[in-house]
1. Given the Cα-Cα distance of residue 121 and residue 250 and 0.36 nm per residue of separation, how much length would full extension add, in nm?
2. Using Cα-Cα distances under 8 Å and only pairs 6 or more residues apart, what relative contact order does the chain have, in percent?
3. How far is it, in nm, from the label point at residue 47 to the one at residue 171 when both lie 7 Å from their Cα along the line to the Cβ?
4. Would you mind ranking 217, 201 by Cβ crowding within 10 Å, fewest neighbours first?
5. Please report how far the C-alpha centroid of the stretch 229-271 lies from that of the stretch 51-85, rounded to the nearest whole angstrom.
6. Which of these values of Cα extents along the principal axes in Å was calculated from the structure shown: (i) 90, 44, 37; (ii) 54, 41, 36; (iii) 51, 51, 39?
7. What translational diffusion coefficient, to the nearest whole µm²/s, does the stretch 97-138 have by Stokes-Einstein, given a Kirkwood radius computed over alpha-carbon pairs, a temperature of 25 °C and 0.890 mPa s viscosity?
8. Please report 221, 1 as a ranked list, fewest other C-beta atoms within 10 angstrom at the top and most at the bottom.
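Each value in this text was obtained by applying a stated rule to the coordinates, not by laboratory testing. These figures come from a predicted structure and were not determined experimentally. Ideal geometry is used to build each Cβ from the backbone, glycine not excepted, and the neighbour counts take in all protein chains shown.
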């Protein structure tokens, strides 16, 4: 039986959910681990008080439509609602964001109202642990205009599985176009304030060290959003339905510098955010324009 939460116009408050995020969880107990949970937000406006600040912190050019990644921010409280639900067995602070795929079927206007639906899906037991998807759909007037799949990992050793030797990493491909990216020390706090994602690993070096990181790290979804913001301002960027994928790799420490590296082909661009020396990727992905 599916348990559905429904909210009208306004998402659930974040602070009560963050208080639940630190509570201990039982962890998966074998078989199907994840419950059937969904959340709906009906009639939310796209132009809330954080839109302009989000546009600025991610580097998007002002436009009559919202940034391609903005519905992810509108859906974040619903996603957190599911991840902190008492039926959800995994600890929020132990989850790793592996991949993100967004498809925008048409531009979404500033001030347009959306119905947003979030659900748990795609449970998959792998050698690294339990992977699962947060699937988000945004509709306008009953028509699907935007959707997202965010794949997360809960690390756990497979019972009886022998440890495989690490595969040799493929040589890093070099793309012909490059832009410099600079991220200030306070970026995690600025992005966290407008996104609602206040994971302590992003906010300050002191809180990040408590989780084993030498400094705070940039939010993965900021890195993706900033890459899209820069790329859509380049010659050759196309209009129309588009899918943007992203694989998160090495942490981007704050403050820090990076290189946005990309190549263009007909109907598709490949991109990667590399470290400042261009030797290792923070993320990589594809931009694929869909046929109308």
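1. Using 0.36 nm per residue and subtracting the Cα-Cα distance, I get 43.9 nm.
2. Numbers: 596 pairs, mean separation 50.0, N = 292.
RCO, the chain: 17 percent.
3. 5.2 nm
4. Working: 217 23, 201 19.
Going from sparsest to densest Cβ surroundings: 201, 217.
5. One Cα centre to the other: 18 Å.
6. Recomputing Cα extents along the principal axes in Å here picks out (iii).
7. Working: Rh = 12.7 Å.
Reported coefficient: 193 µm²/s.
8. Numbers: 221 22, 1 5.
Ascending Cβ contact count within 10 Å gives the list 1, 221.
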